[in-house]
Structures are given as C-alpha cells and as structure tokens.
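FYI, it's all coordinate maths here, none of it is from the lab. Bear in mind that the values here come from a model prediction, so they are computed numbers and not experimental data. Cβ atoms come from the backbone with ideal geometry, glycine included; neighbour counts cover every protein chain shown.
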Amino acid sequence: MKVGIVCYPTFGGSGVVATELGKALGEREHIVHFITYERPVRLGRFTRNVFFHQVKAQEYPLFDFVPYESALTSKLVDVVRFENLDILHVHYAIPHASSAYFAQQILKEMGIHIPFITTLHGTDSTLVGISSAYEPVVSFSINHSNGITCVSNYLKQITIQNFQIQKPIKVIPNFIDTRRFKPLDSTVHNKNCLAPQGERILMHVSNFRKVKRVKDVVEVFRILEPELPLRLVFVGDGPERDQVESLVRKYQLNTKVSFLGNQESVEDLLPLGDIFILPSENESFGLAVLEAMACGLPVVCTATGGLPEVVSHGLSGFLSPLGDVEDMAKNIRIILASEDTYQQFSLNARKEAQRFTLEYILPQYENYYEEVLLHFHEEPHQQSSQLAKLS
Ligand code: GMT
C-alpha cells in the first residue's frame, strides 16, 4: 500500500507515533511518504521504503502569518498525484485534517479519489480543538474523515461528546518497540553519570507544556529528597522549562537535579532511571509512560485521561489525584520500600508494556487502512467516475 503520513515532525507524542508507524510500515514493504515542514526527528537515517516531502510555505510581504495550511494542501495534492498514493493518514487534527479534506476535494475534481484517516492524539480533541478559534473546522474535518482513530477509549468518548461524531471511531492504542525500549543491561551500562553516589533516579520526560504540570515533579522531589538518596532527571524542553529551573534553584535542589534537554534517543536514557513520574493535568494516552514501562520503570502519575488504561494502580505503578504531590511522594516511598518490592514493580511495568507491542498494534492499522479503502471505493462517487472513464 502507498500511504501518505502527515504529522508534526517535533518531539511531541503525536509526531513520534506517526514516525514510528511510518517506519514500521516501510519495514512491512508498504511505501510511506511523510509530508510535513521538517524531517521528523524520529525518522533518523534513510529507511527503506520511506520518503520525506518538505512543505515549504512561501513568505510574502503581505503575510504576517505564513499560510501553512494552504501550502500543506498543495503539497498533498502534488504527492498524491505523482506518487500515486492509496490513502492519507493525518496525525493530530489541527490543521492536518482540514488540509487533507481540502486536498481530497481538489483531487476529486481531477478524477483522483483518495480516502483520508484522522488520528486524534489528545489536545486536538480535548483542548485546542474545542476553542472557538478552531472548533467548527475541526468538527467538520473530523466528521468528513473517511476513518477516525483515537489513541485511547477515554479520547474516543471525549471526541464523541465534543464533536457530535456520527461515524464509528476506532480505538488503536499507541505502541512500543520492546526490542528498542528495554531494561538496562547492568553488565554494559552504569548509572554513575547521572547518580554518582548510586542514588535512585526519578525521571520525567515531556515537552514542558502547562498541561504536564512539571512543577509538581519538583514539589514531589522536594518532599522526598531529605529522606531518600534520590536524584531527579528531566528530559525534554518546552515553554515551562525556565520556570521549573527557577523553582529548582529557589529550593536549592540544583545539585541533585539535571536538565538534559531534548534528546533524540530516549531509549538510551530511560533505562538509566528508576521511577518515571508524570503529574499531567490531562493525558489522552501518555506515550512517555509506556516507553518508560517498557524500560522497566514503575510509573507514578495522575489518574487523568487515558493514563489508567496504561498504568495499573498498585501493579506497574500508582495513579494519584491531580495535584496531590503528597500522594505521589507516598507512592514513590512504597515502590522504593525494599529491593524486592522495587523489582516486582519493575517486572510488572515491563510485562504490562507488552500489551502494546508494535507487533500487536501495527496489524490493527494495516487492517483499518484496508477496511477504509474498501468502504471508500464502494461509495457511489467512485463508481460514477469509473463509469465516466468507461464511456
Ligand atoms: O495532544 C497533544 O498535546 C499533542 C500530542 C503530542 O504531539 O505531543 O500529545 C498527545 O499525543 C500523544 C501520542 O498519542 C499521547 O501519548 C499524549 O498523551 C497526548 N497528550 C495529551 O493528551 C496532553
């Protein structure tokens, strides 16, 4: 199958999922064309069957804001036509779903019929998508998608409520390559570089957006630091990082806290951690949590959004009420109570992550592509255009 994938090329979860999906499809002999404004960060080196088309939105003195959506639409028309794509798969609705819809209509005028699938990832449905600045367009383009997927049951329910969706929505959870994300081989690596005194490492990976409530991580660490040999490691960058750094300095915790910034291979860093913490206000799925669990890190997070679908309370980690830093600190104490307890949580985390392996989830996307293509080409528009060609 020839698939066009549209996504954000950045470190955000939706871009990571889209890129890993595209690479995996390429390995299964599908032809994949990424269409976005930069080469996706997780794409790495040249991969067999995987191509990249850069959207270049042209500057013009009149434009205070460069019309990216139009440039993306034009690029989609171009790539679908000249690479003979079978299907488009857009990740994160804004503005990708409306561009895909518009491109579909333009292509239809040319006698080319192509379906598109929109995968909703989170704030496109729960937060940004419902703001009055975007809601009518998001609602229209989701409802006119030929296939809709959500990354959790929670996200499906909220999407139905927010946009009065009349069509079936398929839940396909996020996935993990458990051969790449795996526990530390202690004979090869050691944690000295991050914890020189052999302290336990509390790790947080995110894009430091407000929704992640990263300051809660510092508050939890502040409670525990006097009583446990512990270090805190932050991976990632984003709008709230400066404020978080200031808080760390204010509490004079800077000698015990490291900020590593954006990192391309989190799979090399996560196994160095001991416990993963994610105090998010909302999280449709929590891909970072799944990556950590696959590396054997028990998780302490909030009981929000889709997180309870990934983390089992008391088994692979703990779920706390939003903002309850005391509860999160208490849960970390429980996990670290003894080496045996820690090992059990760690084993459970790895085991639970295996519910979301690439091998299990990838065929769900492939089958869904087939299903959407079948229905789409059974629709009357296609038959009439074939008749027009015959006559
Ligand atoms: O919705 C967002 O905030 C953007 C998106 C991203 O690109 O980072 O994150 C969402 O998608 C991830 C991949 O499906 C999920 O694992 C994250 O939970 C989700 N973020 C939120 O819901 C806040």
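A few notes on this one:
- At most 13 other Cβ within 10 Å, DSSP loop - chymotrypsin sites (Phe, Trp or Tyr not before Pro), region 12-74: Phe46, Phe63, Phe65
- Cβ-based exposure ranking for Phe140, Phe163, in which fewest neighbours within 10 Å come first: Phe140, Phe163
- DSSP loop GluC sites (Glu not before Pro) with at most 11 other Cβ within 10 Å: longest gap in the chain: 60-226
- When only the Cβ of Lys, Arg, Asp and Glu is charged (+1, +1, -1, -1), the dipole of region 120-249 relative to its Cα centre reaches about 320 debye.
- Overall dimensions of region 190-355 by Cα: Rg and Dmax, Å: 14.2, 41
- Zero-based 5 Å bins, Cα pair distances in region 122-207, whole percents: 3, 11, 16, 16, 10, 8, 7, 9, 8, 7, 4, 0
- Shape metrics for region 1-144, restricted to C-alpha atoms - Rg then Dmax, Å: 14.7, 45
- For the chain, the Cβ-based charge dipole about the Cα centre amounts to some 300 debye (Lys, Arg positive; Asp, Glu negative; other atoms uncharged).
- The charge dipole of region 190-355, taken about its Cα centre with unit charges on the Cβ of Lys, Arg, Asp and Glu (plus for the first two, minus for the last two), comes to roughly 200 debye.
- Taking the helices alone, the chain has a mean residue ellipticity at 222 nm of -13000 deg cm²/dmol, built from -39,500 (n - 2.57) per DSSP H run of at least 4 residues and averaged over all its residues.
- Considering only Ser98, Ser346, Ser74, the mean-square fluctuation computed in a Gaussian network model of the chain, springs between alpha carbons under 10 angstrom, is largest for Ser74.
- Sequence-ordered 3J(HN,Hα) estimates for region 144-155 from the Karplus curve with 6.51, -1.76 and 1.60 and θ = phi - 60° stand at 9, 6, 7, x, 10, 10, 10, 8, 7, 5, 4, 5 Hz, glycine and proline given as x.
- With 22 Å as the limit, the listed pairs Lys215/Lys351; Lys23/Lys182; Lys156/Lys182; Lys23/Lys212; Lys156/Lys330 have Lys215/Lys351; Lys156/Lys182; Lys23/Lys212; Lys156/Lys330 beyond it between alpha carbons.
- Rg(Cα) / (2.2 N^0.38 Å) computed for the chain, rounded to two decimals: 1.05
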